[in-house]
Amino acid sequence: MNAKHQLNMKANSLFLPPALLLAAVSTGLCQPVITTQPSSLTNIAGTTATFSVEATGTPPLFYQWQFGVSDLLDQTAATLVLTNVQFGNAGPYTVVVTNSGGSATSAVATLTVLIPPRISRVRLSGQAATSQDVSHQYLSNSASPGANLIFTVIALGTAPLYYQWQFNGEDLPGQTGRSLALTNVQLTNAGEYAIVVTNVAGATSQVATLTVDPTFTKITTSPIVTDGAYSAGGTWGDFNNDGFLDLFVPNGTDGSAYVPFLYRNNGDGTFTKVTSGPPVNLAADSYSACWGDYDNDGNLDLFVATTIFITTTATVLLPRSPRAARSTSTVIPGVLLGRTTTTTAFWICSLPEATAGAITSTATTATATIGSRSN
């Protein structure tokens, strides 16, 4: 290699690096370059979240913050300040930096908003009666001795939520679920029950005061409280004239017929279930019934309203001839739950000469309108 060629190579090597450097410097001074990306944040609801970005480039630099894919109105500074953040503010944030040479978009910064726990309700319920029920809600926080109760809390907030039940200011060991069960409550169980709910964002509590009223003692055994059926109500009456109120419970649901329940009061706080004869052998789809002295003989009779015909026609058998048996089945056209249906009703009259606790019926048929009866 001659000396002239070597000199040309040295000259090229001297001028090439400055040219590349000049190009790089020229490009850096024009198009924005983000040097510090905005960072993701985790905030408790109600606090202030602040995002910031740093960039270089030929001034002036312009900023536009975005939430998702939408521009945020008037958010055109290098810093984005969000006050009183709520759950709706949570999500992805970016910023676009522009100048005369072009633009650069930042990496995504995510805002996570933690919601402190909030108790919306603490309710008191009784023990479920059938598999169709979850519980029977109480109208007040008062119960009778012997009751089986359930306190349940409904709380909102960022999961997971943690629970701790307290009684009169002291933690109840092991009671860390949404519900607190109290079995066979007594006067000593009366007091203040508090639920403390916590999560990563904070804690809250609510107190429910339980009173135990000894005026009545809850019956927790015997068929009158353990029988399960589709029952919408009941009616009390002393059908056997022994001075103690007895209970009749009609059953039925959605057009399906079921036999009702009749419980004879033993006078000692217990009841005996009547299992034979009318009315407990007459299946019907019934939601209501009432006692009344239909034939003015001094003995309570039973009126049952149904939504379908029963397979056995229920009737009245009146005592003391020559009074004739009267009709007990009435057909009442009507509307039930918005659909046309045939509604029937029947009386079942007790006989004073019958065995104590018995109710008797015989068959006849007649038609009547609402509010009247056939004679």
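Numbers for the structure displayed
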item	result
PRO279 of a type outside the set (Val, Ile, Thr) and open to solvent by less than 50 Å² (accessible area, probe 1.4 Å)	yes
Near pairs, Cβ below 8 angstrom, 6+ apart or cross-chain, from the stretch 175-199 (modelled with pLDDT of 95 or more and among the charged types (D, E, K, R)) to any residue that is open to solvent by less than 30 Å² (accessible area, probe 1.4 Å) and outside any loop (DSSP other than H, G, I, E, B)	ARG178/THR152; ARG178/VAL153; ARG178/ALA155; GLU192/ALA208; GLU192/LEU210
Failed item in (1) open to solvent by less than 60 Å² (accessible area, probe 1.4 Å); (2) outside any strand (DSSP E or B); (3) modelled with pLDDT under 95, with LEU124 passing the rest	(2)
Cross-chain or 6+ apart pairs with Cβ under 8 Å, the stretch 98-122 first and under 16 Å from PRO38 (Cβ atoms), then open to solvent by 50 Å² or more (accessible area, probe 1.4 Å) and charged (D, E, K, R)	none
Which numbered condition PRO214 fails, given (1) loosely packed, with under 14 Cβ neighbours inside 10 Å; (2) in a loop (DSSP other than H, G, I, E, B); (3) touching an Asp or Glu at 6+ places or on another chain (Cβ under 9 Å)	(3)
The listed residue being at pLDDT 95 or above, part of a strand (DSSP E or B) and under 30 Å from GLY157 (Cα atoms), out of VAL85, VAL81	VAL81
Given (1) in contact with an Asp or Glu (Cβ under 7 Å, 6 or more places away or on another chain); (2) buried (at least 16 other Cβ atoms within 10 Å of the Cβ), index of the condition VAL207 fails	(2)
Hey, VAL197 buried (at least 17 other Cβ atoms within 10 Å of the Cβ), at negative phi, of a type in the set (Val, Ile, Thr) and over 22 Å from the mean Cα position of the chain (by Cα) or not	no
Of all residues in the stretch 58-78 being open to solvent by less than 50 Å² (accessible area, probe 1.4 Å) and not in a loop (DSSP other than H, G, I, E, B), the one that is farthest from THR35 (Cα to Cα)	GLN66
Residue that is nearest to SER286 (Cα to Cα) [pool: residues in the stretch 227-240 that are at pLDDT 90 or above and of a type outside the set (Gly, Ala, Ser)]	THR235
Among (1) in contact with a Phe, Trp or Tyr (Cβ under 8 Å, 6 or more places away or on another chain); (2) hydrophobic (A, V, I, L, M, F, W, C); (3) open to solvent by less than 50 Å² (accessible area, probe 1.4 Å), the one test that LEU161 misses	(1)
Every residue from the stretch 31-42 that is buried (at least 16 other Cβ atoms within 10 Å of the Cβ) and in contact with a Leu (Cβ under 7 Å, 6 or more places away or on another chain)	PRO32, LEU41
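The values are calculated or read from the model by the stated rules, or taken from the named source; none is laboratory data. What you are looking at is a predicted structure, and each value in this text was computed from that prediction instead of being measured. As a convention, Cβ positions derive from the backbone with ideal geometry for all residues, glycine included, and neighbour counts pool all protein chains shown. Just so you know, the surface numbers come from the protein's heavy atoms only, side chains and all, with ligands and any DNA or RNA stripped out. Shrake-Rupley method; radii C 1.70, N 1.55, O 1.52, S 1.80 Å.
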